[in-house]
Amino acid sequence: MADLDALYERLAAAVTLQNDDAAIRIRAEYEPQAGTGAKVFPPTYMESNGTRYHFERRWSPEGTPVEVVVLDSYQSQANRCEAALDRVADRLGLPRLLMRFTHDGVTIELSNLAAPHRSRDAYFLDSVVGGTPFLVTPMGKELDQASVDDLTPLLIHVPTDLVYGLWDSHLKNRDLALKLARSYTSEMIGWEPMRGKRAATKGDPLNLPGEDVVDRKAWRPFETETKKKKEQTGKEEKDKLNQLGHGMIPAAPNESIGGVAVRSISRLGVLSLIGLAQLRFRDEEINRAGRTALAALALAGDRLAFGGAGIHLRSGSDLVLRSESMEWVQRGARTEPLELTTDDALQLVDLARERLAAAGVQWSPEPVVLSPSGPLAEVIRNVLTARGLEDAEA
Amino acid sequence: MLALRCQLLGDTFEGGAPDDPGAPEWPPSWMRLYSALVAVADHAVPSEVALLEKLEQLKPPAIVADPPALADAPEMAFERQAWVPTNKVEGKDTATTLPGRKNGARGWARFVPRSRDIVYAWDDDALSESERAVLAALCRRVPYLGRSTSPVIVEVVESSLPEEGVLVPSSSQEEATADPGLPTYPVRTPFNGALAALRAAHERKVTGKAGDPWAIGAYVDYRPLVRQSHVPTIRGPYRELVIFALEGPQRDGRHAVEFTDLLRKAVMANLPRPLPAVHGHGPGDAPRCAFLALPFVGHRHADGHIIGLAVAVPELEPADLRDLWWALGATAERGLSSPSLGQFSLRRLTPLEQRRAPLALQAWRWSRPSDTWVTAYPAVLDRFVKDRTEIPELIRQTIRNSGFPEPTEFQSALRPFDGTVPGALDLAPWETTRPGHKEGFRPYRHLYLRFAAPVEGPVVIGSMRHYGLGLCVPVTSPATSAAREVGPRDA
């Protein structure tokens with residue numbers, strides 16, 4: 001059990017530039033669940049040079065450039081931390097925005113911890129609270145008018161956005177789009193990848209003639225045709241059997257998405273305490289308590305997302321943690337070990353929340369619930385019913 | 001000595017060059033660090049503003065980085081990719097987890113340096129104690145350099161310059177001899193009025209107008225600092241590299257020999273008298289020019305297509321040299337054409353154009369001293385063999401015959417080494433002989449060479465070196481793990 005008071009004070013000193021701690025660095029080694037050398041599947045991007053993976057090089061400890069593959073990007077790792085915080089938001093009393101939409105008894109919720117552009121995402125900008133456009137509610141105005149000179153509204157309502165960065169790029173008629181750099185970075189790479197091939201053939205136990213053309217309506221009378229299909233064909237819809245899911249669908253081995261076997265897998269995470277020290281709030285007391293609370297949130301996010309025995313990156317990439325170390329990184333190229341369990345990190349947030357409240361910023365544990373505005377709701381409804389956007393626009 | 005040290009906290013640096021955002025700015029310029037100091041300064045505090053005004057007046061510092069310049073390790077430059085939500089609610093291409101949302105691929109220039117430390121050093125102590133204290137306080141506040149994905153610690157340090165890995169302004173009066181053969185690199189620096197320019201650009205952005213504070217900076221030519229005690233280099237057989245940009249349809253490197261054969265014939269035709277250095281019929285040890293097709297290699301996106309042509313010129317008698325220059329000028333003026341390749345013009349680049357030209361068109365790319373060289377085109381060996389076991393000795397002999405010392409270490413492979421020089425050409429046997437030449441296909445190999453001391457380039461190896469095959473590129477460091485022999489096709 002860490003001495004949380006001492007840890008809090010050390011973080012508070014760091015984020016006010018009162019000591020030599022500049023960052024907290026986390027290094028971890030992983031291996032595939034099936035063991036070292038088993039295949040893993042990196043994230044895919046636009047195809048380039050015959051691959052959809054991102055290969056580059058790093059320096060080995062011996063000073064040799066060796067090939068690596070990115071297994072999880074900065075953005076993805078940040079998203080994992082946010083998703084982990086979102087799951088325990090109630091436990092942490094974490095303020096957040098929540099767009100809620102119900103259709104046919106199914107409720108969809110999207111919080112600023114999951115939205116791509118965080119609290120400045122178009123989903124929130126195009127939502128209403130109690131019938132009033134969010135942006136003209138008092139909270140909406142506060143968030144809209146926050147500037148780098150005083151980010152207190154974001155600290156009050158959407159604190160995690162200050163850890164992972166923000167770019168308010170979607171509203172017109174404003175002077176300067178608010179742009180905040182991330183203070184937490186983390187990336188996972190696989191060393192010395194051997195490229196594999198993927199041959200995903202779909203088999204048919206009865207080997208039905210997949211190329212035969214049939215009347216789709218006769219096969220699927222319960223399906224409703226989309227407007228576009230009707231316009232395109234003007235007659236009965238014809239499909240091949242394999243388009244209906246029958247028959248064999250052979251596939252040639254694909255090298256561009258064939259997975260990789262790597263020599264080792266590592267993660268390097270950095271929480272820049274100097275970065276948090278650049279955030280300015282209403283007064284010095286809130287500067288200290290606010291930045292420390294953000295550091296605590298960042299550490300909690302990291303521990304929740306990566307502090308377990310392993311991690312599921314994506315299909316085919318389940319990893320087991322082999323070793324992990326955390327360290328303070330100080331001026332003068334010095335480091336000092338840091339130990340912090342997930343429970344410690346959560347309790348550190350509790351402590352930081354209390355101190356922040358004492359400084360005058362009270363986090364509301366209840367999310368602010370928004371509803372999509374009429375046009376947005378209509379678009380979402382149509383997408384959910386798979387009718388396509390053209391129906392919504394008709 | 002005043003020095004600022006930036007310690008990268010991760011393995012990589014991310015920040016694009018203002019004139020080419022797709023390429024990383026390595027080393028990060030002094031202007032980039034100055035801009036970071038301006039960004040974290042409190043402009044209401046007179047001592048901080050006074051310091052910034054003083055910093056912009058300092059002469060450009062020496063920059064210590066490893067490797068010293070992007071051109072020294074182009075293979076370590078990448079474009080980091082990520083999917084970014086475009087925030088447009090449009091289209092039918094629905095995401096499974098985010099209804100109606102679309103993503104777009106974005107890329108950011110990234111460089112993987114060998115060392116995480118970058119030092120900016122001034123040889124005189126231009127700041128007072130109190131100014132140093134203000135500078136130290138400013139440095140403490142700088143969270144990152146370039147993008148926020150490159151977190152750093154910046155400190156004021158006492159530092160002396162190391163023996164290697166130092167770039168200095170070309171005008172610097174360091175102990176080094178100013179070798180005119182050394183490359184120069186344009187580096188952005190602050191200038192008299194830089195602070196005002198940054199503020200004005202920021203103001204323009206604040207008022208919703210276009211502003212480009214990231215592009216501000218005065219370019220100063222830097223060159224590597226070479227000390228008298230530097231390890232002596234081994235001179236190769238060539239004294240000069242004359243480079244032409246090739247303008248016309250893009251051609252892949254498989255046409256290399258066709259191009260160099262065409263260039264050689266054109267130069268011969270333009271000579272006022274036959275010159276053994278060009279036609280090659282003379283005593284066996286007479287110096288000969290090598291005609292080169294310069295390919296786009298060594299970058300992640302490299303595809304080996306031909307960017308320029310060059311002539312590597314050996315030591316020649318003044319009269320021969322004069323005739324050769326005349327013939328090269330005439331060839332450039334008339335251009336090249338052939339029924340199979342088409343029409344191409346050749347252009348000598350001005351010094352200014354050369355600074356902005358692709359790496360392949362910069363002489364330094366092919367000639368900088370290095371102890372490690374890797375073939376961009378395979379080297380054709382000097383004779384046929386009956387048995388593959390003869391090949392290692394034949395490779396040594398071929399290297400010696402090409403005018404280079406025997407390497408301390410070499411590896412050979414029929415195909416390019418994976419990942420070592422991206423874009424290196426994987427030629428077929430019939431692409432390794434002159435057009436119409438019917439003497440059969442000699443064995444050829446891609447080579448990875450390490451010499452006992454840095455060798456000055458261009459390094460061209462093998463019996464087809466006069467036609468550009470066996471052209472090597474200097475690489476930063478050993479990559480033995482990538483070097484492997486693959487099954488022979490010519491056995």
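Once the C-beta distance of A:ALA358 and A:ASP150 is scaled by a Förster radius of 25 Å, the resulting FRET efficiency is 0.80 to the nearest 0.05.
The phi-based Karplus calculation (6.51 cos²θ - 1.76 cosθ + 1.60; θ = phi - 60°) puts the 3J(HN,Hα) values of segment A:110-127 at 9, 9, 5, 7, 10, 6, x, 9, 6, 5, 9, 6, 4, 4, 7, 4, 9, 10 Hz, whole numbers, x for Gly and Pro. Couplings for segment A:4-20, taken from phi via the Karplus curve 6.51 cos²θ - 1.76 cosθ + 1.60 with θ = phi - 60°, read 5, 4, 5, 5, 4, 5, 5, 5, 4, 5, 5, 6, 10, 6, 9, 9, 8 Hz in order; Gly and Pro are left as x.
Between 0 and 90 degrees, the angle of helix B:391-401 with respect to the longest Cα principal axis of chain B falls at about 80 degrees. Its convex hull of Cα atoms gives chain A a direction-averaged projected area, equal to a quarter of the hull surface, of 25.1 nm². The charge dipole of the protein assembly as shown, taken about its Cα centre with unit charges on the Cβ atoms of Lys, Arg (+1), Asp and Glu (-1) only, comes to about 2300 debye. Along chain B, counting only trypsin sites (Lys or Arg not before Pro) with a DSSP assignment other than H, G, I, E or B and at most 10 other Cβ atoms inside a 10 Å radius, the longest segment between sites is B:1-208.
Report, in cubic angstrom per residue, the convex hull volume of the C-alpha atoms of segment A:43-155. Could you put the intermediate results ahead of the total?
Working: hull volume 23.0 nm³, N = 113.
Looking at segment A:43-155, the number lands at 203 Å³ per residue.
Amide H contacts of B:GLU240 (H built 1.01 Å from N, in plane; Pro and chain starts excluded): B:VAL313 sit under 5 Å, all sequence-distant by 5 or more or on other chains. Remark on segment B:209-325: Rg and Dmax equal 19.7, 70 Å (Cα only).
Evaluate the Debye formula for segment A:236-394 with equal point scatterers sitting on the alpha carbons, no solvent, and hand back log10 of I(q)/I(0) at q = 0.09, 0.10 Å⁻¹, in q order, two decimals. Those come out to -0.65, -0.75, one per q. The helix-based estimate of mean residue ellipticity at 222 nm for chain A, built from -39,500 (n - 2.57) per DSSP H run of four or more residues and divided by its residue count, is -9000 deg cm²/dmol to the nearest 500.
Please get the size of the charge dipole for segment A:113-161, origin at its Cα centre, with Cβ charges of +1 on Lys and Arg and -1 on Asp and Glu, quoted in debye to the nearest 20. Numbers along the way, then the final one.
Numbers: 3 positive and 7 negative charges, 26 e Å.
That gives segment A:113-161 a dipole magnitude of about 120 debye.
For chain B, what is the mean residue ellipticity at 222 nm derived from helices alone (per DSSP H run of n ≥ 4: -39500 (n - 2.57); sum divided by total residues; nearest 500 deg cm²/dmol)? Walk me through the intermediate numbers first.
Working: 10 runs with 106 residues, N = 491.
Mean residue ellipticity, 222 nm, calculated: -6500 deg cm²/dmol.
What FRET efficiency would be calculated for the residue pair B:ARG273, B:LYS59, taking the C-beta separation as r and a Förster radius of 60 Å, to the nearest 0.05? That gives a FRET efficiency of 0.70.
Based on Cα coordinates alone, diagonalise the gyration tensor for chain B, multiply each eigenvalue by 5, take square roots, and list the semi-axes in whole Å, largest first.
On the way: eigenvalues 410, 147, 101 Å².
Semi-axis lengths for chain B are 45, 27, 22 Å.
With r defined as the distance between the Cβ atoms of A:ASP3 and B:ALA44 and R0 fixed at 56 Å, what FRET efficiency is calculated, to the nearest 0.05? E(calc), rounded to 0.05, equals 0.90. Relative to the dominant Cα principal axis of chain B, helix B:318-334 is inclined by about 80°.
Compute for segment B:225-290: radius of gyration divided by Kirkwood radius, i.e. Rg/Rh, restricted to C-alpha atoms, rounded to two decimals.
Ratio value, two decimals: 1.10.
Derived scalar couplings between HN and Hα for segment A:275-280 equal x, 5, 5, 7, 7, 10 Hz in order, rounded to whole Hz, by the Karplus curve 6.51 cos²θ - 1.76 cosθ + 1.60 (θ = phi - 60°), x for Gly and Pro. With angles folded into 0 to 90 degrees, how steeply does helix A:74-87 sit against the dominant principal axis of chain A? Use alpha carbons for both and round to 10. For A:74-87 against chain A, the angle is about 80 degrees.
Across bins of 10 angstrom width beginning at 0, how are the C-alpha pair distances of segment B:234-479 distributed, in whole percent? Cα pair-distance distribution for segment B:234-479, in percent: 8, 34, 39, 18, 2, 0.
The H on the amide N of B:ILE307, modeled in the peptide plane, is under 5 Å from the matching H of B:LEU294, B:PHE296, each at least 5 residues off or on a different chain. Summed over both chains, the accessible area lost when B and A associate is about 4900 Å², using a 1.4 Å probe. For A:ASP150, nonlocal amide neighbours, meaning residues 5 or more places apart or on other chains whose placed amide H falls under 5 Å from its own, do not occur. Here the protein assembly as shown was treated as a single set of alpha-carbon atoms; its pair distances binned every 10 Å from 0 give 2, 11, 18, 20, 19, 15, 10, 5, 1, 0 percent.
Among the lysines of chain A, pairs that are 8 or more positions apart or on different chains and have alpha carbons within less than 27 Å of each other number 24. Can you give the Kirkwood hydrodynamic radius of segment B:106-157 from its Cα pairs, in Å with one decimal? Kirkwood hydrodynamic radius for segment B:106-157: 13.2 Å.
Using Cβ point charges alone (K and R +1, D and E -1), the dipole size of chain A about the Cα centre works out to roughly 900 debye.
The label point for A:LYS202 and the one for B:ALA319, both projected 7 Å from the Cα toward the Cβ, are 8.0 nm apart.
The values are calculated or read from the model by the stated rules, or taken from the named source; none is laboratory data. None of these values were measured; they are calculated from a predicted model. Virtual Cβ from ideal backbone geometry, glycine too; neighbours counted across all protein chains shown. The area values use the complete protein model at the heavy-atom level, side chains included, leaving out ligands, DNA and RNA. Shrake-Rupley method; radii C 1.70, N 1.55, O 1.52, S 1.80 Å.
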